[in-house]
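Input: a single structure, listed below in structure tokens.
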Amino acid sequence: MPPPTPPSSIAQLNTGFGKAAFILEEGIEFDEGRIHVIDALFTPAGSFIEGLEEAGFVELGNIFDTRFPALRAELDTASHLTFFAPARYVLEDARPELSGLSDSELEALINYHTLDLTTGFIGYTTSLECGKIYKTKGGGKVVVTFNGLDTYINDAKIIGRDLILQNGVMHVLDKILELQSPEATTLPGPNGTVIDINNIQGCTTPTPTPEVAGNATNTPTYRPPQQTGSAEATRGSPLKTVIAAFAAVGLTLF
């Protein structure tokens, strides 16, 4: 059984592959930063393919290995990667259709699930902006919208957020994104809506920021097989902040 969410936690921090650590006590300030007490050791982030394996996407990893080794290498070595992976049950249901795609068709679909690698942007959920159009690796477009605390990419909901990788982030979607023409002026939106990309409505809601919730009220419904904590993500700690005391394992610097 995973440990319960600490009831008095101040904030959550995502580490490698979306595994979380909770800040339990206010930071102790010193000249060069701050020390926080957390409840778990950080999990080091791995490569893109290691992220797929950790999240249970064995078949998707095999597709990269057998059909797209060059694309695998490109995503593994990209400096700013944002990848949207349809949930495993979605891929299993779509296996007959996907197996019938040619290499060029399937590669185009994979590229549509990857944000442009050349922009220097990594799409953590706290960086995604409601109503903004993002260019994909294949030259297409996706739109981000919010519905309450849910984040959508076109009409697909992010159900597993911020699986941190060495070179970026991966999110899990509840459906496969339908490939759209680069010239498209409308995109599918949540709950069967159609979004006019030149006149996007209803995006006055601020970006969801789970870090202020503290108690994991926006826990996603997807969990990797070995997930041991909330996949809730936070970002933005000062570079000089030091997290140096591990309450759960009794380590101390003093």
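The values are calculated or read from the model by the stated rules, or taken from the named source; none is laboratory data. If you're wondering where the values come from, they're calculated on a predicted model, not measured in any experiment. Neighbour counts are summed over all protein chains in view; Cβ atoms, including those assigned to glycine, are modelled from backbone coordinates with ideal geometry. Only protein heavy atoms, including side chains, enter the accessible area calculation; ligands, DNA and RNA are left aside. Shrake-Rupley method; radii C 1.70, N 1.55, O 1.52, S 1.80 Å.
General observations
- Set against the 2.2 N^0.38 Å expectation for a compact globular protein, segment 68-185 has a Cα radius of gyration ratio of 1.01.
- As a calculated quantity, the FRET efficiency between Glu183 and Phe121 at R0 = 25 Å, using C-beta atoms, amounts to about 0.65.
- Over segment 34-176, relative contact order from alpha-carbon pairs under 8 Å, at least 6 apart, %: 28
- Carbon/sulfur fraction of accessible area - segment 114-207, other protein chains in place, 1.4 Å, %: 46
- Under 17 Å from Lys132, Cα to Cα: aspartates and glutamates that are on another chain or at least 8 residues apart: Asp116, Asp150, Asp155, Glu183, Asp196
- FRET efficiency for the Thr193 to Ser102 pair, using the beta carbon distance and R₀ = 25 Å, is estimated at 0.20.
- Sorting 106-115, 25-34 by average packing, meaning the other beta carbons within 10 Å per residue, from highest down gives 106-115, 25-34.
- Peptides 74-82, 96-104 ordered by packing proxy, namely the average of other Cβ atoms within 10 Å per residue, highest first: 74-82, 96-104.
- What a 1.4 Å probe finds exposed on segment 7-77 is 55% carbon and sulfur by accessible area, rounded to a whole percent.
- Surrounding net charge for Phe48, when Lys and Arg each add one and Asp and Glu each subtract one, Cβ distance under 9 Å: -1
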